[in-house]
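Here's the structure we're looking at; comments come further down.
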Amino acid sequence: MPHVFIAYDCNGPKINITSFNSLYVEPCEPPSEINTQRIQRIQLLQKTDTFQIFYKACSIIINYFISRCSLLEDGQIVENGFFTEIIELGSACCSELHQKLTNHLPNGGIMRNF
């Protein structure tokens, strides 16, 4: 008695019945070679442009000795003591300070001989 599998396909409009013998299988031919083309993948890298930006800044530290009270704002902070002020200069003022060795204060004063 042959050993067979019977398969029923009931999904279509007509019933499909198939049987096959699991003990005897016809020689299987390997599929013909499929023409494939290998695609080379690459990644483009772009170097970042780098360049130097020259920047110059200066800080001037001014130490005051307060010897008496005054109506000015600086004198009201400290009496008979020291008061320190830091002035930040941008690039243009800093370059001028290095060239001329003088600086014009916002209140109209001039500092010389740096």
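Read the figures in this text as sums done on the coordinates, not as results from a lab. Here the structure is a predicted model, which is why all the values come from computation and not from measurement. Note: ideal-geometry Cβ built from the backbone for every residue, glycine included; neighbour counts use all protein chains shown.
From least to most packed, judged by other beta carbons within 10 angstrom and beginning with the fewest, 29, 88, 96 follow the order 29, 88, 96. Does a label point 7 Å from the Cα of residue 99, set along Cα-to-beta-carbon, have any residues of region 49-64 with amide nitrogen under 17 Å, and which are they? Answer for this model: 55-58. Cross-link partners among lysines for residue 100, C-alpha distance below 24 Å, same-chain residues fewer than 8 apart left out? Candidates past the 8-residue exclusion: 56.
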